[in-house]
Structures are given as C-alpha cells and as structure tokens.
Amino acid sequence: MAILYALVAHGSVVLAENSATATNATTISRQILDKIPGDSDSHVSYSQDRYIFHVKRTDGLTVLCMADDTAERRIPFAFLEDIHQRFVRSYGRAVHSAQAYAMNDEFSRVLSQQMEYYSNDPNADRINRIKGEMSQVRNVMIENIDKVLERGDRLELLVDKTANMQGNTFRFRKQTRRYRSTVWWRNAKLTVALILLILVIIYVVLAFVCHGPALPSCV
C-alpha cells in the first residue's frame, strides 16, 4: 500500500500539500475540492483507475490523500485523522484566514513523513487496529470520480509508474528477509540431520567391525 499524494485545505484554498511521485493528482484534487457538495463534515472516497482519493472534512478543514486501490480504507483514513489533528494542533484558528500555501513550507514536511510512515511501517496499521476501526469509515462508500466530476471536467490520472515500486519496497524487503531466514533454518536442519546420519553410520560400521565374526581380535 502506498499513499502517493496528500493535501490540507480550507474550503478550496490549499494550505499545504505533498506528492511522493510525479503525478497530476494536484489538478484532480482541486476539481474534487470544488465539486464536493456542502460544507458539512464528511468522509468520502472516490476511485479513478487504480487509485482512490480519500477525503475527510471536519469544521471546514479538508484533508485529502490519494492511495493505490490495494489499501484498505482503514489506513488512509487513519492517516487523514492524524494529519487533521496535527494541523489543527499546529495552527488552530489561523487556518480560517490563511492564504493559499501559507503553511506549505513547514507542514509539507509533516505530510511527507506521515505518508512514508503510513505507507511502509506495519506499526501504523497495528496501532490503528488496537485503537479500533473508526466507525465512520465502515460506512464510507467508494464512488467513481465521475459522480463528482462532470464528464468534461474529468482528467486522466497520470502517475509515474516507478511510484508503484516505492509502496512495494518495504514489503519486498520484509519478504526477502523472511525468505532468507526460512532458507537458513531449512539448511541448518538439513545439516544437523546429515551429521546425525553420518554419526549413526559410523557407529553401525564400528559396531560391525568390532563385533563381527571376521575380526575376533576386537572382541
């Protein structure tokens, strides 16, 4: 699973954003911000191709991220909740009057760090499981992005294909370590078994030589 893009906005004014790869998610996210109906709190997800845009809006503050469709909703929404709390804790009511990208220099680094954490660290999901799944996430329906964007407004999502490897790097390394460990233990067991077999053969041969009728001198 990989979270490839994230932003924080007040209304349609983007205050901070970060992208982990070359993509036009920035343009598509602006369209989503403009088209999301109403100002009430909401949790929604919109799919496009193999990616899903997850959106959390609370008290006029919108946090959005784009993740690949292999991600369960639990992790992206845990990421959005984390970012929302960090942003409010850092800037408070200043977000209501802030200009576009006013917090980007500082908070884009926070977005980058948390995107990496929730994409690659297994503790992110483990901690969220311990806390329990957020009840509102269970009811989030994933709709196609065509439902929020008009046909003429819809853009093709472009993502650098190398980004797909970033989300799989951690899992690949983990699987590689597990495989190496399995192979090592298997070889160790075979070595021990071979040594025991050799010792048994040596014992049988010596017993036969020493107690066989052809060599009474060993008796």
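The values are calculated or read from the model by the stated rules, or taken from the named source; none is laboratory data. This is a predicted model, so every value here is computed, not measured. Positions of Cβ are backbone-derived with ideal geometry, glycine not excepted, and every protein chain shown enters the neighbour counts. Ligands, DNA and RNA are stripped out before the accessible areas are found, and what is left, the full protein with its side chains, is counted by its heavy atoms. Shrake-Rupley method; radii C 1.70, N 1.55, O 1.52, S 1.80 Å.
Using the 1.4 Å probe convention, the accessible area of the range 1-128 works out to 41 Å² per residue with neighbouring protein chains retained.
On the protein heavy atoms, probe 1.4 angstrom, tell me the percent of accessible surface of the range 1-101 carried by carbon and sulfur.
Details: 1830 of 3870 Å².
Carbon plus sulfur share of accessible area: 47 percent.
Accessible area of residue 50 (1.4 Å probe, protein heavy atoms only, ligands and nucleic acids ignored): about 110 Å². Take the Cα of residue 86, step 7 Å toward its Cβ, do the same at residue 40, and the gap between the two points is 3.0 nm. Per-residue surface analysis assigns residue 19 an accessible area of about 50 Å², computed on protein heavy atoms at 1.4 Å probe radius. For the range 1-108, chymotrypsin sites (Phe, Trp or Tyr not before Pro) meeting the loop criterion (DSSP other than H, G, I, E, B) and having at most 15 other Cβ atoms within 10 Å: 101.
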